[in-house]
Amino acid sequence: VSTQSTGSSGLAMGWSDDDESGSDGGWGPDECADCGCDPCECNLCQECMQDPCDCDETCATCGQMPCDCADELVGAENLANSYDNVKFENEEPGIDEIDEVVAQYREKVIAAEKAEMSSNESLYEDADEDYAKPYGFKAFKQILKLYFKKGKLSPEADRGALSDSILKAFQEMMDGVTGNGQFYQRMCMIPLQKLIERGIFVEVVSPGAAWKQPPEVVESMFCQLIKVSEQANWKAHTIKAKLSMLSFYLDTSKYDLMPEIMAEIEAFCQLSREQGGAPENVRKNSLMTLKSIQMEYHYSCPAPPSGLLDRWDYIEAYFNECMEVMQGENAIVVSDKETEGRIYEYGGMVHMLSSEYEQAFNTFQDAFKTGGGNGNEERRLNYMLLAWMHKTAEQNQEMVRVKLALAAAAATNEVEAASKIDPFADPEVASIADSSLIGPMKSLYAAFDDGRILEFNQLLGVHKDVFAADPFLCQFRGTLEKFAKTQAVLSLLETYTAVRISYLSEQVALDLEATEALIVALILDKLILGSIDQESHTLVLSKPTPAESLAHAKFQAMLCMADSLTKQASAMEGGQGGRGREFSDFY
């Protein structure tokens, strides 16, 4: 550079007219102020108005190529740049900064996109693939996140207005999906799917959200979402949104609005892909979710059933249908953990009502492991403890029967105690062991496990409100009490040959009449060998004599021999074309 001039050329070389009186005689800097290298000869960076140095490929201040700094971004590329700038310059705004960031999204992205598309309908269609994204939709998603964040941090008095702002922004967002042309609508298809499945929409409408929205706001958001999905003919989106809406209606007890939607979903899930339905995996998973919702609907609607068995045939049928899909030859993995947990939870109830306590415990355990939050883990752990106490009592009673049978047969075999499973040994269970929601059932479990029956009976009375508040627990309060008192009687009788009924009455906290009825039931159930002396009101236990034991053993041996001969005869006749015989044919 050897010629000094004024005006714009002076700016291009790194000096201005104001610099002529300076110590350098009006010349620009000899070296880059940042790195000390000679300035390059291209134009000044239009972003930062500094000389990019020739030692770097990009301007050290603005990060752009020196030759491209002055190029103005246009179209979709400009919208992408604006969106990125707003997003990354405001990653963690404070509560007082959120409104300003929202204003930036609206001005620099949403309004700019609207202006661009009004003058160029093919804005995104003509754009490079990297920039063919619905930036207005993405900006609204960020606005929803910002409003939700602000609501969680704001006092209760300010939340109503923020809920209205969330609803307004969401309505604008949905209007943009179908209001900006077919290409824009197609661009929104996958982002909307993500929004339904795991995006900010799910967080806002969740019943377990840190800031729970008013029901009318959530319902309006669902209606907007379903309306847009139906207008765009996105059937899978529509079904998923309607399934989520059913869960919302369950949570808000709007049962009268559910049957029509459930019928629509079930009808759609019967359609094959060729008939206009969704892919098979989507249909099956949607059906699983629907069946799980129907279980809860029949359990809860119109109010918690007084007997629990009123609609239980529906619930059992839905559970069996789910098991066929989840465990059959062409089994699928249920993709939604909430659905899986609900299926197993009601499955555990089915097993409990069928007196299949071991299976009930395992199924409740499966439900517990799906997580789900919102109190699900604590409730399912309570049901696990209920099933554990029932199955343990049943195992103890079976051991008593076996011991009595061996004693009657004069056998000397030892009866091994059934192995115990400690529910709290599981780390996942231990993590919520101190929750107040499981405190009552945990104390009952501990008393039952230690054989402290009097304390157990007292705790049943203390925690009667816990059972009354849960229809399922309430259904089994009586059997739990009976199991505990039975266990107490059987433990006491191990050291007696005769005992007064009045003494047993005191030990199990029952009146004389109820105690006698319990003893009679145990005799009939072959848990006690003995009789009641009505004159002395004493239970006299029977101990088989050696002669009786020998006679019993001979009789059992004869039955085994007869059964063996019957099977041989049946096999011979079956081989000759006959139907074969059974042991019952001979008596």
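The values are calculated or read from the model by the stated rules, or taken from the named source; none is laboratory data. The structure presented is a predicted model; accordingly, all values stated were derived computationally and were not measured. For neighbour counting, all protein chains shown are included, and Cβ atoms are generated from backbone atoms with ideal geometry for every residue, glycine included. To get the accessible areas, we keep the full protein, side chains included, count just its heavy atoms, and leave off ligands, DNA and RNA. Shrake-Rupley method; radii C 1.70, N 1.55, O 1.52, S 1.80 Å.
Summary table
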| read-out | value |
| --- | --- |
| Only one of Y314, Y318, Y344 that is more than 19 Å from the chain's Cα centre (by Cα), closer than 20 Å to S247 by Cβ and either touching a residue at least 60 places away in the same chain (Cβ under 8 Å) or open to solvent by 10 Å² or more (accessible area, probe 1.4 Å) (or both) | Y314 |
| V520, sole failed condition from (1) open to solvent by 50 Å² or more (accessible area, probe 1.4 Å); (2) closer than 30 Å to W312 by Cα | (2) |
| Helices (runs of 4 or more DSSP H) completely within segment 131-250 that count 1 or more residues being farther than 25 Å from A112 by Cα and either open to solvent by less than 10 Å² (accessible area, probe 1.4 Å) or touching a residue at least 60 places away in the same chain (Cβ under 8 Å) (or both) | 135-153, 156-179, 200-205, 215-231 |
| Residue selected from segment 445-457 under the condition touching a residue at least 12 places away in the same chain (Cβ under 8 Å) and closer than 17 Å to A509 by Cα, by the criterion most open to solvent (accessible area, probe 1.4 Å) | L454 |
| The one condition in (1) in contact with a strand residue (DSSP E or B) (Cβ under 9 Å, 6 or more places away or on another chain); (2) assigned to a helix (DSSP H, G or I); (3) modelled with pLDDT of 85 or more; (4) hydrophobic (A, V, I, L, M, F, W, C) that L492 fails to fulfil | (3) |
| Which listed residue is out of contact with any helix residue (DSSP H, G or I) (no Cβ under 6 Å at 6 or more places or on another chain) and either at pLDDT 95 or above or crowded, with 21+ Cβ neighbours inside 10 Å (or both), from E121, E107 | E107 |
| Residue selected from segment 361-382 under the condition open to solvent by less than 30 Å² (accessible area, probe 1.4 Å) and closer than 22 Å to T479 by Cβ, by the criterion farthest from the chain's Cα centre (by Cα) | F361 |
| Subset of segment 399-433 that is of a type in the set (K, R) and over 19 Å from A446 (Cβ atoms) - its residue that is modelled with the lowest pLDDT | K403 |
| Residue check for K391: basic (K, R), modelled with pLDDT under 85 and either within 31 Å of the chain's Cα centre (by Cα) or part of a helix (DSSP H, G or I) (or both) | no |
| In segment 281-320, the residues that are of a type in the set (D, E, K, R), part of a helix (DSSP H, G or I), at pLDDT below 90 and over 22 Å from E264 (Cβ atoms) | D313 |
| Residues that are of a type in the set (S, T, N, Q) and within 21 Å of I343 (Cβ to Cβ), drawn from segment 245-288 | S247, Q270, N281, N285, S286 |
| Complete set of residues in segment 496-511 that are polar (S, T, N, Q) and modelled with pLDDT under 85 | T497, Q507 |
| Residue that is open to solvent by 50 Å² or more (accessible area, probe 1.4 Å), more than 23 Å from A433 (Cβ to Cβ), assigned to a helix (DSSP H, G or I) and among the charged types (D, E, K, R), where the choices are E329, E338, E358 | E338 |
| Filtered residues of segment 394-407 (kept if touching a residue at least 24 places away in the same chain (Cβ under 8 Å), within 42 Å of the chain's Cα centre (by Cα) and surrounded by fewer than 20 Cβ atoms within 10 Å (Cβ to Cβ)) | E394, N396, Q397, R401 |
| Residues within segment 254-279 that are open to solvent by 80 Å² or more (accessible area, probe 1.4 Å) and part of a loop (DSSP other than H, G, I, E, B), tallied | 4 |
| Subset of segment 361-380 [part of a helix (DSSP H, G or I), within 26 Å of E203 (Cβ to Cβ), free of Cβ contacts under 8 Å to residues at least 60 places away in the same chain and of a type outside the set (D, E, K, R)] | A367, N376 |
| Some residue of segment 502-520 being touching a Cys at 6+ places or on another chain (Cβ under 7 Å), of a type in the set (F, W, Y) and assigned to a helix (DSSP H, G or I) | no |
